[in-house]
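Participant: Before I ask anything, here is the structure I am working with.
The values are calculated or read from the model by the stated rules, or taken from the named source; none is laboratory data. Predicted model, so just to flag it, every value in this text is computed and none were measured. In this analysis, Cβ positions are derived from the backbone assuming ideal geometry, glycine residues included, and neighbour counts consider all displayed protein chains. Note: accessible area is taken over every heavy atom of the protein model, side chains too, but ligands, DNA and RNA are not part of it. Shrake-Rupley method; radii C 1.70, N 1.55, O 1.52, S 1.80 Å.
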Amino acid sequence: DDGTRTDVANQYSDLRSFINSQPPTTKIGVVYLQNGIARIAQQPTADHAAAGKALRIPLGEAGVSASPYISLSDLIKKWPAGETRREVLLISSGIDPYYRSPDMLDPYLESAVQDAQRGAIVVNTIYYSAAGHFGHSFFGVTWGQNYLSDISESTGGEFYWEGTRNPVSFAPFMKDLAGRLTNQYLLTLERASLPSGFDPFKVSTTAAKASLVAPSRIYVPK
């Protein structure tokens, strides 16, 4: 609902197939971002049919849009900690109407990145154009995609897109994401070796033909 076009509902069959393909122990919730608030349509549940039913047509009105990153931060604050693994799939144009400068210094984006990194939450994103003028503004589309890519790269997620056009189908994205979810590993670090706060983080491997994805920073509490 952050201004995303209503025809994104045409992709819901692919989303429901993805939801239903997840292991029975996986809890899935559905949230709509509206006016800077995360409106929870379905709390995380192992009832995947219930999660699928919570999908509805977004409002698709430019006037209800706010920064999607403010709404994402709101979601993270509402999400109880303690889960073994927490991930987000954000479907959005990425456009922030509250920040119009051509740079990567959007304070709402940075706050969302920090909130996700602090909570060890991976944010995967799919670009889908916005309603109204921003939906076909080259400036808006470019920076919206840059922001979505940034938050995914910074949290160890993946950014999915097909140039400046909307994807014909989410199915290839969902197949790739499902594969990533089944090939994730928990890395534990010694607390004593790290200072508190946000610390740059990078992982590497000597294994041939292997590629690793991880957050750009980790958060060490005081």
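Participant: Would it be correct to say that PRO24 is at pLDDT 95 or above and part of a loop (DSSP other than H, G, I, E, B)?
Facilitator: Yes, satisfied.
Participant: Could I ask something else about it? Looking only at the range 200-220, count every residue that is closer than 15 Å to THR155 by Cβ and either in contact (Cβ under 8 Å) with a residue 24 or more places away in the chain or acidic (Asp, Glu) (or both) and tell me the total.
Facilitator: So the answer is 7.
Participant: Something else: Which members of the range 110-147 meet the condition of being aromatic (Phe, Trp, Tyr), touching a residue at least 60 places away in the same chain (Cβ under 8 Å) and not in a helix (DSSP H, G or I)?
Facilitator: Within the range 110-147, just TYR128 meets the criteria.
Participant: Which condition breaks for GLY179 when tested against (1) surrounded by fewer than 23 Cβ atoms within 10 Å (Cβ to Cβ); (2) touching a residue at least 40 places away in the same chain (Cβ under 8 Å)?
Facilitator: Going through the list (1) surrounded by fewer than 23 Cβ atoms within 10 Å (Cβ to Cβ); (2) touching a residue at least 40 places away in the same chain (Cβ under 8 Å), GLY179 breaks only (2).
Table: residues versus (1) open to solvent by less than 80 Å² (accessible area, probe 1.4 Å); (2) closer than 23 Å to PRO24 by Cα; (3) modelled with pLDDT of 95 or more; (4) part of a helix (DSSP H, G or I).
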site	(1), (2), (3), (4)
ARG39	no, no, no, no
GLY52	yes, yes, yes, yes
ALA66	yes, no, no, no
SER73	yes, no, yes, yes
LYS77	no, no, no, yes
GLU83	no, yes, no, no
LEU90	yes, yes, yes, no
ASP96	yes, no, no, no
SER101	yes, no, no, no
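Participant: Kindly indicate whether ILE151 is under 13 Å from the mean Cα position of the chain (by Cα), buried (at least 19 other Cβ atoms within 10 Å of the Cβ) and part of a strand (DSSP E or B).
Facilitator: no
Participant: Can you confirm whether the range 204-211 contains a residue that is within 20 Å of the chain's Cα centre (by Cα) and either among the acidic types (Asp, Glu) or under 30 Å from SER92 (Cα atoms) (or both)?
Facilitator: Scanning the range 204-211 turns up no residue that is within 20 Å of the chain's Cα centre (by Cα) and either among the acidic types (Asp, Glu) or under 30 Å from SER92 (Cα atoms) (or both).
Participant: Something else now. Checking the condition closer than 19 Å to ASN10 by Cα, among the β-branched types (Val, Ile, Thr) and touching a helix residue (DSSP H, G or I) at 6+ places or on another chain (Cβ under 6 Å), which residue from THR164, THR155 passes?
Facilitator: Only one candidate qualifies: THR164.
Participant: Among residues belonging to the range 41-50 that are of a type in the set (A, V, I, L, M, F, W, C) and under 17 Å from PRO24 (Cβ atoms), point out the one that is least open to solvent (accessible area, probe 1.4 Å).
Facilitator: Filtering the range 41-50 for residues that are of a type in the set (A, V, I, L, M, F, W, C) and under 17 Å from PRO24 (Cβ atoms), the one least open to solvent (accessible area, probe 1.4 Å) comes out as ALA50.
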